[in-house]
Protein chains: 2
Amino acid sequence: MADIESQIKILKDLIPKFLPGHSVDCVIFGYEDKELKVLLLNWKQMDIWALPGGFIFKDESMDDAAQRVLEERTGLSSIFLKQFHTFGKIQRSDHSQQEHHKKIMALMKPSKQDRKIVIDWFDHRFITTGYFALTDIRKATPRPDFLSEKCEWKSVSELPELIIDHAEIIQQAMHQLKIQLNYLPIGISLLPEKFTMIDLQKLYEAILGRPLERSNFQRKILKLGFLDRHEKLMSGAANKAPYLYSFNSTKYEELLEEGIGFRY
Amino acid sequence: MADIESQIKILKDLIPKFLPGHSVDCVIFGYEDKELKVLLLNWKQMDIWALPGGFIFKDESMDDAAQRVLEERTGLSSIFLKQFHTFGKIQRSDHSQQEHHKKIMALMKPSKQDRKIVIDWFDHRFITTGYFALTDIRKATPRPDFLSEKCEWKSVSELPELIIDHAEIIQQAMHQLKIQLNYLPIGISLLPEKFTMIDLQKLYEAILGRPLERSNFQRKILKLGFLDRHEKLMSGAANKAPYLYSFNSTKYEELLEEGIGFRY
DNA sequence: GCAAAAGTGTTCTCTATACACCCATGG
DNA sequence: CCATGGGTGTATAGAGAACACTTTTGC
């Protein structure tokens, strides 16, 4: 596996350029099949998952580092991205993490010195800042990093086993999403260009975790006036065809300043 | 000034025990004379102010570090304290900071080596996590740290000149205070045991930055039912005496879970 | 009695919510 | 025509804002 080995060499050279002790982790949200999803990485040689994360270069702001991680994993730039919490407990490492690093190290034969640098780097304590991102799942192209085998969207309602405190980080991100719902460009970030009213409602329901009344939702949203109505969507089903809508981003952004009202 | 010199020696020995690159800063709020105040430190030899802050020991959680800073500067423990944002721009240092360190160094004659360790420590890049605290100003006893001359409560409406990005940190803290108002134990933390309805109203007004209608405020708060009514406060003024109230903390905490409703 | 501030009542509007009803579509 | 789901109407309850009115206090 010369591939990993060369990656380790690259990493060894990068390590001195990173800020020690601090990392960023991204909770990248997408929306598909009426479910809220997050992008997760599957670690090589282990059946355990992790959030996409990375380190901060000494000459790079923390926000830029998060942006870089997001871009590397999804190919997307200029996406809504916001920090939500910094995790600073002492025990931010666990058995599975150490086991993983051992297995990775076993796969390669770098020089003793390189090996030591890399192991030491991963073994010391990190404080991590969590960011959440809102993406259109159809536009993203998930790409694993060198530590990982797979990079996949996983439904937040059935998350796989996650390393260290990453389950907690996702929980926190979802809570913040709920809390800040009225001030976030939920719809415009997570939905495709055109969508039906039910699509939008289901998205809100997925985030809020509770059902909303159909007719009232429709009236409320339309009254806010940030949607443009387009042609009807003929689904082929034996029922009335819904209109397609798109966001009038000017009006939408104006309204977001004040907050679009849904209590949680 | 052997005093500073011995402090520098202590600091030099502590530095290896700190996590490099990360600090905490506390925006400690108090309420007095109908004004929201924050506790600030005045740096020795300079007419510039700073937030109380500190570093994190390698075997200490970030929350504990913030708690320690709060306790060292106010003597208060078990106070409401919560992180609100992490500041990770590259240029988190400025001219006034460097000037200050030079002046401090000039005051003392430590060994060249000690001096280098301390200067290097302060000169490298820090990411800082901001915490805000809510305190009863009457119970706190402000104490300067060794870099500072004075430690005083300053009204948020007329802040003095602050180092680096500390003005921005306070702005952010105030914004979070406003946003989270309905979920924070504002009253019980910032007011004395007993207070009048107007006291509580003025506190809310100070945080929200806008006037509230007296009679409606009274009705709304009383209807929520977390206040116990006590004797009247005879002020000696030629007007009707207001009742004194205190928080029924059980009910208050129950309600805070759901949020006590004031739109901002 | 008068001024000032506290406490209570009334009215109006706006929103949320529930639910009824009509409309479009394809089988 | 019927089942299904979209779109609109309506009725009611509660919250919020504005403001009038009453009560208490010290001069």
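I need the peptides B:237-246, A:76-85 ranked by packing, meaning the mean over residues of other C-beta atoms within 10 angstrom, with the highest value on top.
Values: B:237-246: 12.2, A:76-85: 16.3.
Top to bottom by mean Cβ count within 10 Å: A:76-85, B:237-246.
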**Asked** Which FRET efficiency value, to the nearest 0.05, do you get for residue B:220 and residue A:180 by plugging their Cβ-Cβ distance into 1/(1 + (r/R0)^6) with R0 = 30 Å?
**Response** 0.75
**Item:** Those aspartates and glutamates that a straight Cα-Cα span of less than 19 Å connects to residue A:103, excepting residues fewer than 8 apart in one chain
**Value:** A:3, A:5, A:47, A:94, A:114, A:120, A:123, A:145, A:149, A:161
**Message:** Whole angstrom only: what separates the Cα centroid of segment B:194-264 from the Cα centroid of segment B:124-165?
**Reply:** 28 Å
**Prompt:** For segment A:12-62 and segment B:61-85, what is the separation of their C-alpha centers, rounded to whole Å?
**Reply:** 29 Å
**Message:** With a 10 Å cut-off between alpha carbons and a GNM built on chain A, which of A:212, A:203, A:36 moves the most?
**Reply:** A:212
**Request:** List the GluC sites (Glu not before Pro) within segment B:187-257 that fall in a DSSP loop (any state other than H, G, I, E or B) and whose Cβ has at most 13 other Cβ atoms within 10 Å.
**Result:** B:193, B:213
**Average beta-carbon neighbours from other chains, 10 Å sphere, peptide B:57-66** = 3
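Please find the FRET efficiency linking residue A:198 to residue A:254, where r is the Cβ-Cβ separation and R0 is fixed at 22 Å, and quote it to the nearest 0.05. Let's see the in-between values first.
Values: r = 25 Å, r/R0 = 1.14.
About 0.30, to the nearest 0.05.
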**Karplus (6.51, -1.76, 1.60) ³J(HN,Hα), θ = phi - 60°, over segment A:156-165, in Hz, Gly and Pro reported as x** = 5, 7, 9, 6, x, 5, 10, 5, 5, 9
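Residue B:89 to residue A:34: FRET efficiency via 1/(1 + (r/R0)^6), r the Cβ-Cβ distance, R0 45 Å, to the nearest 0.05? Let's see the in-between values first.
Numbers: r = 39 Å, r/R0 = 0.87.
E between residue B:89 and residue A:34, to the nearest 0.05, is 0.70.
Would you mind working out the accessible area per residue for chain A, using a 1.4 Å probe, and quoting it in Å²? Mind dumping the intermediate values first?
Working: 12930 Å² over 264 residues.
Here the residues of chain A average 49 Å² of exposed surface.
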**Asked** Using the alpha-carbon atoms, what tilt in degrees (0 to 90, nearest 10) does helix B:2-14 show relative to the longest principal axis of chain B?
**Response** 90 degrees
**Request:** Filter the chymotrypsin sites (Phe, Trp or Tyr not before Pro) in segment B:134-242 down to the DSSP loop ones having no more than 16 other Cβ atoms within 10 Å, then list what survives.
**Result:** B:146
**Message:** Helix A:62-74 against the longest principal axis of chain A: what's the angle in degrees, Cα atoms only, rounded to the nearest 10?
**Reply:** 80 degrees
**Prompt:** Highest GNM mean-square fluctuation, chain A, Cα pairs closer than 10 Å: which of A:190, A:222, A:147?
**Reply:** A:222
**Asked** Distance in nm between label sites at residue B:47 and residue A:240, each 7 Å beyond Cα in the beta-carbon direction?
**Response** 7.2 nm
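Report, in deg cm²/dmol and to the nearest 500, the calculated mean residue ellipticity at 222 nm for chain B, where each DSSP H run with n ≥ 4 adds -39500 (n - 2.57) and the sum is divided by the residue count.
Numbers: 9 runs with 102 residues, N = 264.
Mean residue ellipticity, 222 nm, calculated: -12000 deg cm²/dmol.
What number do you get for segment A:2-168 when its Cα radius of gyration is normalised by 2.2 N^0.38 Å, N = residues? Don't skip to the end; give the middle numbers.
Working: Rg = 15.6 Å, N = 167, 2.2 N^0.38 = 15.4 Å.
Taking N as the residue count of segment A:2-168, the ratio is 1.01.
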**Fill in**
Longest principal axis of chain A (C-alpha) makes with the long axis of helix A:166-179 (C-alpha) an angle, in degrees to the nearest 10, of 30 degrees
**Complete:** Sorted largest first, the Cα spans of the protein assembly as shown on the principal axes come out in Å as 79, 67, 38
**Inter-copy separations for residue A:91, label at 7 Å along Cα-Cβ, nm, ascending** = 4.3
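Find, to one decimal place in angstroms, the Kirkwood hydrodynamic radius of segment A:182-258, where the mean of 1/r is taken over every pair of different Cα atoms and then inverted.
On the way: mean 1/r = 0.0759 Å⁻¹.
The answer is 13.2 Å.
The values are calculated or read from the model by the stated rules, or taken from the named source; none is laboratory data. Keep in mind that this is a model prediction, so the values were computed, not measured. When we count neighbours, we look across all protein chains shown, and the Cβ atoms used for this are built from the backbone with ideal geometry, even at glycine. Side chains included, ligands, DNA and RNA excluded: accessible areas come from the protein's heavy atoms. Shrake-Rupley method; radii C 1.70, N 1.55, O 1.52, S 1.80 Å.
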